[in-house]
Structure formats: structure tokens, C-alpha cells
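Novice: Below is the structure I would like to discuss, written out as C-alpha cells.
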Amino acid sequence: MIRICPSILNANFDDLPNEILRVAKSADLIHLDVMDNIFVPNFTFDFDRANEIIESSALPIDVHLMVEKADLAGPKYAASAAVSVTIHFEATENVAKTLAAIRENGTRAGLAIKPNTSIEVVKPFLHLIDILLVMTVEPGFGGQSFMKEMMPKVATARSWLRSNGFSDTWLQVDGGVSEDTIAIASEAGADTFVAGSAVYKAPNPADMVLKLRNLAKDAHPS
Ligand code: DX5
Ligand code: ZN
């Protein structure tokens, strides 16, 4: 099962309901990047604004929290109507407790790692997560180049998920995913793909989502 999640980071922030409608036919989820200008050098939304976007969206929302003190923010966002909330390992003091608190709301709990963080750190939490996000750029901005050197982490994660029977856990990549790179990530074992500029800079965003999905399907090992 392949999931394509357009990121609205570089869409028109003044008209997000319509920007979301442009991909509603073909996308699975909308990826919402929440940045606090502390954990990353960029700011997007506070909780109230994020909540408005979540409430008005035609598609389910996948929240990616790039904020400090995720122990507090994670459960707060989980109480919204988002279908998933992903916290960063690097921004969380008590990872197990925070993931459990997110799940308690019936929300999918995600754990993300930045490019310089080893995949080994997620191993103790595999049974507590519904999404494992391997960042393929340094978080903070859209439009950066895909870091192919993250693929060994994706492949390792895929083999752990497979050998432990976690077949419902999504393996997500985020950053620089495009027509040129999605097959590389899919081949390594990713099944859930965030794509910002590739989708919203395309003349027809909905068609681009279909194209990305087909490329990912063709390259997926299963
Ligand atoms: C980066 C964000 C990404 C971003 C991806 O920190 O987490 O979700 O929107 O944008 P592209 O696809 O343009 O790299
Ligand atoms: Zn993101």
C-alpha cells in the first residue's frame, strides 16, 4: 500500500482549503508541517491556526511537529481531528510516554528522525509507533535536495518492521521527494511519501500525485 501525502508548506497559505481540494481526487493525506522557529529556523502555524486547517480540510491531516517540547505538543495535537501526529525524537524528553499519549486519542503516533540521527534510536520504540519518518532533508524548509544517503536507514527500518511483524507501521520519507527520487525511496522500503514542491509546483498537482504513486508502486520491493 502506497500513500502520497502532499505537503502544503509551499502552497498558498491564504487559501489552504482550496489548495487541499486541488489534490483531493488523488492524494491520501495532507501533510501539515508545524514549525516553531526554535526546533527549526522557520515558523508556520500555532495550534489554533493548525486546528482551523485540520477542521476545514477535505482530506485527512498528517501532522509533522517540528517543535520543541513535543511531550506537550504531541498530545495537544492528538486531541485535534488530525489522523496522525509525528514528533521528533530530538525534540522529545520522554518518547515512550508521548507516543502512548498520542495513541490514547486514537491518533496514529509517528516518530521522526533528522538526517544526523541514527536509525538505532528508534529501535526501542517500534512497538509504540504507527509511523516512522526518516527525514530526507534537514527539517525547516521545502524545496531542498533529497538526501539519497538516508536510504540505508530506510532499508534498515524496513527490515526491522518486517522481521518484527509490524506490517501496519507506515515508513515515511519527507524532503526532496519528486519524480526523480521517489523510486529510490520506494525501492529502499518506504511506503508513505511526503511531497511538497514536486506537487504544488506542478501544473496539475492532482496528476502529479498519480504520477508519484505509480512510480512508487513500480519500484516497491513487495
Ligand atoms: C521540511 C518539511 C517537509 C517539506 C517538504 O522540513 O518537513 O514536509 O514540506 O517539502 P519538499 O517536498 O519541497 O522537499
Ligand atoms: Zn514534513
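Novice: With r defined as the distance between the Cβ atoms of Ala96 and Thr117 and R0 fixed at 22 Å, what FRET efficiency is calculated, to the nearest 0.05?
Specialist: The calculated FRET efficiency here is 0.85.
Novice: Take the Cα radius of gyration of the stretch 83-154 and divide it by 2.2 N^0.38 Å, with N its residue count; two decimals is plenty.
Specialist: The stretch 83-154 yields a ratio of 1.12.
Novice: What figure in square angstrom, to the nearest 10, would you give for the accessible area of Met151 with a 1.4 Å probe?
Specialist: In the full protein context, Met151 sits at about 20 Å².
Novice: Now for a separate question. Karplus couplings for the stretch 77-83 from phi (6.51 cos²θ - 1.76 cosθ + 1.60, θ = phi - 60°), rounded to Hz, Gly and Pro as x?
Specialist: Listing the rounded values in order: 5, 5, 7, 7, 8, 4, 7 Hz.
Novice: Pull up all non-local amide H partners of Thr136: gap of 5 or more, or a different chain, and H-to-H distance under 5 Å with H placed in the peptide plane.
Specialist: Asp174, Gly175
Novice: Using +1 on the beta carbon of Lys and Arg, -1 on that of Asp and Glu, and nothing else charged, what's the dipole of the stretch 3-219 about the Cα centre, debye to 20?
Specialist: That gives the stretch 3-219 a dipole magnitude of about 580 debye.
Novice: Looking at the chain, what % of its DSSP beta bridges pair antiparallel, to the nearest 5?
Specialist: 5 percent
Novice: Cα centroid distance between the stretch 69-140 and the stretch 34-65, in Å?
Specialist: 15 Å
Novice: Still on this structure: Give me the lysines in straight-line cross-link reach of Lys201: C-alpha distance below 19 Å, same-chain residues under 8 apart excluded.
Specialist: Filter leaves Lys25, Lys211.
Novice: Report the one residue of Ala81, Thr156, Val209 whose Cα lies farthest in the direction of the positive end of the charge dipole of the chain (charges on C-beta: Lys and Arg +1, Asp and Glu -1; origin at the Cα centre).
Specialist: Going by the Cα projections, it comes out as Thr156.
Novice: If you take the Cα Rg of the stretch 1-140 and divide it by 2.2 N^0.38 Å, with N the number of residues, what do you get?
Specialist: So the Cα radius of gyration is 0.99 times the expected 2.2 N^0.38 Å.
Novice: Please report the projected area of the stretch 160-202's Cα convex hull averaged over all directions, in nm².
Specialist: Result: a mean projected hull area of 3.2 nm².
The values are calculated or read from the model by the stated rules, or taken from the named source; none is laboratory data. Nothing here was measured: the structure is a model prediction, and the numbers come from that model. We place every Cβ from the backbone using ideal geometry, glycine too, and count neighbours over all the protein chains shown. To get the accessible areas, we keep the full protein, side chains included, count just its heavy atoms, and leave off ligands, DNA and RNA. Shrake-Rupley method; radii C 1.70, N 1.55, O 1.52, S 1.80 Å.
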